[in-house]
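Worksheet for the structure shown next.
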Amino acid sequence: MRRALISGALLFTLLLCLPGAPQPDSFRFAILGDRTGEAQPGVYEQAWKEVAAESPAFVISVGDTIQGLNDASAEAEWREVFRTLKPFERFPLYLVPGNHDIWSVESQRLFEKYAAHPVHYSFDYGQAHFTILDNSQSDELPPEELAFLEADLKAHAAQPLKFIVSHRPSWLLNIALKNPDFPLHQLAKKYGVQYVIAGHIHQMLHLQLEGVTYVSMVSSGGHLRLSRAYKEGWFFGQALVEVHAKSIDFQVRELGEPHGEGRITKLTDWGMAGLLK
């Protein structure tokens, strides 16, 4: 009987892992902020340990995985990162290209090699669709990225939940000024995107415009800037996103000791200038 139960559990796990296997309507995934620039010792490793304890279906990292900016040392840096990630390789990892990851033709080749994806790509999990964009070398989204985004969203219009992830928050000024007249927002609104997520500035910010939620992720290792005050969004942490059918519960999780106090908040507790209460 015990052997039959174990065999059944293994078969179920294998079926879930097969290409095209149905994925659950309820699942959780994690979002990591920047590992660099100026990676702080031990922070990224702790972030991964805390993420792993929540058993997410997969992890998205918003970019700046290596310090980079030097073709000669870049591959050694990627190898070192993946040695660090060895204990967590059971979790599918989706990397977003950051400005510390891509700065040259060679660095782009290395990103694509270690990310196992082109610089822009998309994927589905259950009822959710994720579009990964590349603005690693520009503060704005280049025309080719917007063209890819439109084609991708059109092709996956039937998916009820949609996320756009890039490294730089190219949208930040327009959204802060409540200006909807720019291409990214128009496409997000047209195709029913719920969340647009970025990193780069290492600060937790939450903004909304015309039904689209914009998120700037906290740091998961890169140095903290300005005041370093938690209430202003300067802390080390990650996000845990729970998906249930068409509802999304987005938690912002500060790291525990020694790199934080382990505070857990809802995304809606945050605004354009930090913590709302």
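Per residue, how much accessible surface does the range 115-182 expose to a 1.4 Å probe? Answer in Å², no decimals. All intermediate terms of the calculation are to be shown ahead of the outcome.
Values: 2780 Å² over 68 residues.
I get 41 Å² per residue for this part.
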### Message
Using helices alone, I'd like the mean residue ellipticity at 222 nm for the chain: each DSSP H run of four-plus residues gives -39500 (n - 2.57), total over residue count, nearest 500.
### Response
-8500 deg cm²/dmol
### Query
Put +1 on the Cβ of each Lys and Arg and -1 on the Cβ of each Asp and Glu in the chain; which of T84, N99, P118 then has its Cα farthest toward the positive end of the dipole?
T84
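To check you understand DSSP bridge types, tell me what percent of the beta bridges within the chain (both residues inside) are antiparallel, rounded to 5. Don't jump to the answer; show the numbers that get you there.
On the way: 30 of 49 bridges.
So the antiparallel bridges amount to about 60 percent of the total.
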### Task
Would you please put 57-63, 178-184 in order of how densely packed they are, using the mean number of other Cβ atoms within 10 angstrom per residue and starting with the highest?
57-63, 178-184
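Where in the range 188-277 are there GluC sites (Glu not before Pro) that are in a DSSP coil and have at most 14 other Cβ atoms within 10 angstrom of their Cβ? Kindly include the intermediate steps, with their values, before the conclusion.
Values: sites: E210, E232, E242, E254, E261; in loops: E210, E261.
Loop-located and lightly packed - E210, E261.
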### Task
Considering only protein heavy atoms, with the full assembly of protein chains and a 1.4 angstrom probe, order K113, K231 by accessible area, largest first.
K231, K113
### Summary
Taking placed amide H atoms and a strict 5 Å upper bound, the residues 5 or more places from G271 or on another chain that come that close are H206, L276
### Query
Along the principal axes of its C-alpha atoms, what lengths does the range 45-131 span, in descending order and rounded to whole Å?
38, 27, 16
### Task
Report the local net charge at G68: Lys and Arg +1, Asp and Glu -1, summed over other residues whose C-beta lies under 10 Å from its C-beta.
-4
### Task
Give the accessible area for T268 in Å² (nearest 10); use a 1.4 Å probe, count only protein heavy atoms, and leave out ligands, DNA and RNA.
90
### Query
Between K277 and F182, what length in nm is gained on full extension when 0.36 nm per residue of separation is reduced by their alpha carbon distance?
31.1 nm
### Query
In the chain, carbon and sulfur make up what percent of the accessible area (probe 1.4 Å)?
57
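About its Cα centre, how strong a charge dipole does the range 137-277 have in debye, to the nearest 20, once Lys and Arg get +1 and Asp and Glu get -1 at the Cβ?
Numbers: 14 positive and 15 negative charges, 66 e Å.
So the dipole magnitude of the range 137-277 works out to roughly 320 debye.
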### Task
Report the net charge of residues surrounding K178, where surrounding means a beta-carbon distance below 15 angstrom and charges are Lys +1, Arg +1, Asp -1, Glu -1.
-1
### Message
Filter K162/K277; K189/K277; K113/K162; K231/K266 down to the pairs with a C-alpha to C-alpha distance above 22 Å, please.
### Response
K162/K277; K189/K277; K113/K162
### Query
Gain in length, E210 to E54, computed as 0.36 nm per residue apart minus the alpha-carbon separation, to one decimal in nm?
53.0 nm
### Message
Could you derive backbone 3J(HN,Hα) for the range 27-41 from the dihedral phi with the Karplus parameters 6.51, -1.76 and 1.60 (θ = phi - 60°), listing whole Hz in sequence and x where the residue is Gly or Pro?
### Response
7, 10, 9, 10, 10, 9, x, 4, 7, 10, x, 6, 4, 8, x
### Task
Just need the relative contact order of the range 140-277 here, percent rounded to a whole number, with Cα pairs under 8 Å and 6+ apart.
17
### Message
Ignoring solvent entirely, what values of log10 I(q)/I(0) come out of the Debye formula for the chain at 0.08, 0.09, 0.15 Å⁻¹ when each Cα is a single scatterer?
### Response
-0.32, -0.41, -1.16
### Task
Counting other Cβ atoms within 10 Å, keep those with at most 16, restrict to DSSP loop, and tell me which GluC sites (Glu not before Pro) in the range 81-181 are left.
E89, E140
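The values are calculated or read from the model by the stated rules, or taken from the named source; none is laboratory data. All of these numbers come straight from a predicted model, not from anything done at the bench. Because the Cβ atoms are built from the backbone with ideal geometry, glycine has one as well, and the counts that use them run over all protein chains shown. The protein model used for the area step is the full one, side chains on, heavy atoms only, and it has no ligands, DNA or RNA in it. Shrake-Rupley method; radii C 1.70, N 1.55, O 1.52, S 1.80 Å.
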